Amino acid sequence: MGHPGLYSLLEAAEFLGVSEIVVKDFIDCGDLATVGSRKEHIRLVDLNKFLGEEPASLQNQERPVDFSGKQRSNVPCSILIEDISEEEWETMKREEHKPYFDEQKQRWCIALSLGKDENGRRKRKIISGKSQMEVWESYKEYIQQHSREIALVCSDTPIVREGIAAGLRIASYEPEQDVTVRECFPEFLRTVRRRVKDRTYGDYLNASKYILEHLGDKRMYEINRSVLEKFFDELAQDKYAKGKETEPTHYYGQSKINKVYDLVRRFTKYYSDAGRGSQLLKMDFAANIEKPKTKAGHKERTTAYTKEDIQKILQAVKSDKMVYCWVSILLATGCRPSEALALQWGDIDFTGKTVSITKALGKSADFKDGELKRSSAYRAVIKELKNERPGQAIGYQHRKLPLEDNILEAIRVWRFQAEHDAVYMDKKRRNGTEEMIFTGRNGNLRIFDDYAQRYKRLLRKARLDPSKNNLYRFRHTMCIDLFRRGVDAKTIQMVMGDNSMNVVMDKYANLQQEDVLSKADCLSGRTREILEAGKQEANSPLVE
């Protein structure tokens, strides 16, 4: 655009709502005046006369003034600039940055979106006037004055097509990007569902609720690195209420933060992938954002059970022969609690005094596409071991471990009780679980939480704190005990059934300070020996 009151034939045609050929016809027949020797420009005053505006209303025009609230502009022209509510905006946003005639107001209008107020809410404006040309002229002048506040503009609007937005450095977005994160999330979750197990997917659904609560109403064109950095900063600072508490006083733990972070990164990668055909994000904005750290503080490191601790637990659970058998196997093997729960009678070699660990107890559920909740209760399933993948060679996950006589006796006692309970065995036969060592009271497989609750009830009855005597602590105890006995690291890795020695060291080998001191005997006199050797070398005669 040149002078703000001067229009090309194409501009005049667009705002009169006719073709350029029709405008030329108006000019040729004398209905519409032009300026210049080539007759290719039209003055605003002449366009307004053509539309029937009174000449008096066109004199002494000034730039429109922005009033907050629905007040009449004090300039001679009929322009009115008003604030509009979010609800009003929703009814007219499809007309953003485009002139349209409002039948109710009987005025020409243009809606536009500005920056955000102190509460983070987008400021919306509507410019209205008696004529389309008058409104468009005022709109152009307005965005020139407020270009830094203008939100992204859709690429199919006139100010983008004509290069006005580019000239004012107003960024644009594609029409397909005008969807919310909430609307896009179901499609993304379907891709996640195909790649993870039910339990992990259930955890991701919980993380998704947090993401949608804070980012769900944002349009895809509004997502950028700055928005995501702010989101992750607030995630680390945010608090939640635990249990029956009403006030949020607990910071999110690192596990929850990891899941939210992982999902957001997957989301931005998925919708910025050029291979999908439609990129709703211009780039993978979360790719290089650092993962936030929890402010929840360090968890108390898990320590090994003492002999006294173990005796108290065994005493607490001895009345329940099944739980006693379960705990005894955990104590003897250091296997994961879910691995012990998947054992069958055929996995126990009473003659060779060994147990074969090849499966684990897991859980499965049904999920409806697009809904952030399960459509069924969790059900127990027997699955492959942790880190075991179909089609890949079996590593150290499968293992055969020795059992001592006292552990074998605990297993025999439970088997004897189970097989002599006719009602219980009948229920097992009906559920097809005769070969399973551990089942619920109705002879059916239960999910891990059900068995764990049974264990915790026994501890509480014995006045032991379940949170300090969790079942995984037997695994820590086994690992640390093997280190104390001088067993080499590779053998420990094989006993624990982990693919990497790093996992063993990071998760289980939480040695105590006294363990470090006991292993430090080899350092005794070390510096003295080094210094004495140095003196001897210094005092040695030089050899010619």
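The values are calculated or read from the model by the stated rules, or taken from the named source; none is laboratory data. As the structure is a prediction and not an experimental result, all values here were calculated from the model. No Cβ is skipped: glycine too gets one built from the backbone with ideal geometry, and neighbour counts run over all protein chains shown. Areas reflect the complete protein model, heavy atoms only, side chains present, ligands, DNA and RNA absent. Shrake-Rupley method; radii C 1.70, N 1.55, O 1.52, S 1.80 Å.
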| said: Restricting to the range 8-53, and then to whatever is among the hydrophobic types (A, V, I, L, M, F, W, C), surrounded by 13 or more Cβ atoms within 10 Å (Cβ to Cβ) and in a loop (DSSP other than H, G, I, E, B), can you tell me which residue is modelled with the lowest pLDDT? | reply: Leu51
| Hey, among the residues in the range 142-160 that are assigned to a helix (DSSP H, G or I) and either within 36 Å of the chain's Cα centre (by Cα) or of a type in the set (S, T, N, Q) (or both), which one's surrounded by the most Cβ atoms within 10 Å (Cβ to Cβ)? | Val160
| Subset of the range 430-475 (residues that are under 31 Å from the mean Cα position of the chain (by Cα), part of a loop (DSSP other than H, G, I, E, B) and among the aromatic types (Phe, Trp, Tyr)) | Tyr472
| task | Considering only residues that are more than 17 Å from Arg415 (Cβ to Cβ), open to solvent by 10 Å² or more (accessible area, probe 1.4 Å) and among the polar types (S, T, N, Q), look in the range 329-368 and name the one that is modelled with the lowest pLDDT. | result | Ser364
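Under the condition of being part of a helix (DSSP H, G or I) and open to solvent by 90 Å² or more (accessible area, probe 1.4 Å), which residue from the range 418-429 is nearest to Ala340 (Cα to Cα)?
Going through the qualifying residues, I end up with Glu419.
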| Can you tell me which residue in the range 161-187 is farthest from Leu263 (Cα to Cα), limited to those that are over 27 Å from the mean Cα position of the chain (by Cα) and of a type in the set (Val, Ile, Thr)? | Ile164
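Against the definition (more than 30 Å from Thr477 (Cα to Cα) and in contact (Cβ under 8 Å) with a residue 60 or more places away in the chain), how does Leu263 come out, yes or no? Steps first, answer last, please.
Working: more than 30 Å from Thr477 (Cα to Cα): yes; in contact (Cβ under 8 Å) with a residue 60 or more places away in the chain: yes.
Spelling it out, Leu263 is indeed more than 30 Å from Thr477 (Cα to Cα) and in contact (Cβ under 8 Å) with a residue 60 or more places away in the chain.
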| request: Taking Arg301 as the residue in question, decide whether it is surrounded by fewer than 21 Cβ atoms within 10 Å (Cβ to Cβ) and among the basic types (Lys, Arg). | output: yes
| remark: Exactly one of Tyr261, Tyr221 is at pLDDT 95 or above, over 18 Å from Glu371 (Cβ atoms) and assigned to a helix (DSSP H, G or I), and that one is Tyr261
| task | Can you run down the residue pairs with Cβ atoms below 8 Å, 6 or more apart or on separate chains, where the first is in the range 208-226 and touching a residue at least 60 places away in the same chain (Cβ under 8 Å) and the partner is polar (S, T, N, Q)? | result | Met220/Gln177; Met220/Thr180; Tyr221/Gln177; Ile223/Thr268
| request: For the range 299-344, enumerate the residues that are within 15 Å of His476 (Cβ to Cβ) and among the aromatic types (Phe, Trp, Tyr). | output: Tyr305
| said: Out of everything in the range 109-141 that is touching a residue at least 12 places away in the same chain (Cβ under 8 Å) and within 16 Å of Arg219 (Cα to Cα), what residue ends up being surrounded by the most Cβ atoms within 10 Å (Cβ to Cβ)? | reply: Leu112
| note | By residue number, the members of the range 161-207 that are among the polar types (S, T, N, Q) and in a helix (DSSP H, G or I) are Gln177, Thr191, Thr200, Asn206
| remark: Screening Asp203, Asp198 for residues that are out of contact with any Leu (no Cβ under 8 Å at 6 or more places or on another chain), more than 25 Å from Leu6 (Cα to Cα) and crowded, with 18+ Cβ neighbours inside 10 Å leaves only Asp198
| message | Suppose we keep only residues that are among the basic types (Lys, Arg) and farther than 30 Å from Leu212 by Cβ within the range 161-184. Which one would you say is surrounded by the fewest Cβ atoms within 10 Å (Cβ to Cβ)? | response | Arg169
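Table: residues versus (1) over 23 Å from Leu372 (Cα atoms); (2) within 11 Å of the chain's Cα centre (by Cα).
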position: Leu235; (1), (2): no, yes
position: Gly243; (1), (2): no, no
position: His250; (1), (2): yes, no
position: Asp273; (1), (2): yes, no
